[in-house]
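K.L.:
Quick one: the structure is below, and I'll ask about it shortly.
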Amino acid sequence: MALNVIMLGPPGAGKGTQAERFAARHALPKISTGEMLRDGIKRGLPLALKAKEKIDRGELVDDRTMIGIVRERLSRDDTNAGFVLDGFPRTVFQGRELDAMMEELGKGPLIVIDITVPEEELVRRLAARRVCSTCGMNAEPIGEVASVCRRCGGTFAHRADDDDRVVRERLRVYAEQTKPVVDYYVGRPTFRAVNGAQPPDRVADELEATIVDAARTLVGFALGAQGQAGR
Ligand code: AMP
């Protein structure tokens, strides 16, 4: 069964770090929409350059652009065994479109993880965060500046949109537009919340156990449905 995981949670909750770890551990592609945009800007891609102003201000890029980017990425064969999506959906509209896309691409159900962290902790973490200026990976653990990136050897830098004013705007945008996405998923049997206010290793352990448990729920449903069909 494919592991189709989405990571929800406010900026600074550790979605990127945890998505990266879980994906590597299960040999799944990690799809980070923020990283894709930053990479597109670096490479001078018109769509990403058009989005740059919004990113720099801490606002969301328009739904249509984001849905197009994700649809193209999920259409690739390397997502057949599953994927870990980080940073999408960020609006209820994107959530609905993602459901439609999963159906259309013949993919199984989503496992939805919400990483929760109190706001004061988020502001503290974002002010201290460093990302690799070459490949975009977060310095780990958050707040600790390693000398070079473990993934590509690049150097770490402060993210332009992690400046205090922009951070507050991103948290405001999260509360207004992305928090409702949690409500959109909360009633699903594969929705799980994970406590992100713990050391990264603890979060990773909790996440692993939680996703395995949610995947079991899905297998249970599939077997139940087969049983019903066989009756
Ligand atoms: P992130 O790295 O996920 O914090 O994303 C950085 C910025 O990219 C966000 O503040 C948004 O401006 C933009 N972005 C990333 N993903 C999305 C999305 N799904 N919808 C709209 N904007 C996004």
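K.L.:
Residues that are small (Gly, Ala, Ser) and over 24 Å from residue 12 (Cβ atoms): does region 69-78 have at least one?
P.N.:
Yes, the conditions are met somewhere in region 69-78.
K.L.:
Across region 154-202, which residue is surrounded by the fewest Cβ atoms within 10 Å (Cβ to Cβ) among those that are farther than 24 Å from residue 98 by Cα and of a type in the set (Val, Ile, Thr)?
P.N.:
155
K.L.:
Right, something else. Tally the residues that are more than 12 Å from the ligand (Cβ to nearest atom), under 15 Å from residue 4 (Cβ atoms) and among the acidic types (Asp, Glu), restricting the search to region 69-97.
P.N.:
Number of matching residues: 2.
K.L.:
On to the next question. Out of everything in region 109-124 that is touching a helix residue (DSSP H, G or I) at 6+ places or on another chain (Cβ under 7 Å) and of a type outside the set (D, E, K, R), what residue ends up being modelled with the lowest pLDDT?
P.N.:
123
K.L.:
I'd like to check something: does region 68-85 contain any residue that is of a type outside the set (Gly, Ala, Ser), under 24 Å from residue 168 (Cβ atoms) and either more than 16 Å from the chain's Cα centre (by Cα) or at pLDDT 95 or above (or both)?
P.N.:
no
K.L.:
Of the conditions (1) within 12 Å of the ligand (Cβ to nearest atom); (2) at pLDDT 95 or above; (3) crowded, with 18+ Cβ neighbours inside 10 Å, residue 4 clears all except one; give me its number.
P.N.:
If we test residue 4 against (1) within 12 Å of the ligand (Cβ to nearest atom); (2) at pLDDT 95 or above; (3) crowded, with 18+ Cβ neighbours inside 10 Å, just (1) comes out false.
K.L.:
Give the residue that is farthest from residue 1 (Cα to Cα), with candidates limited to residues of region 98-130 that are small (Gly, Ala, Ser) and in contact (Cβ under 8 Å) with a residue 24 or more places away in the chain.
P.N.:
127
The values are calculated or read from the model by the stated rules, or taken from the named source; none is laboratory data. If you're wondering where the values come from, they're calculated on a predicted model, not measured in any experiment. Reconstructed Cβ throughout: ideal geometry from the backbone, glycine too, with neighbour counts over all protein chains shown.
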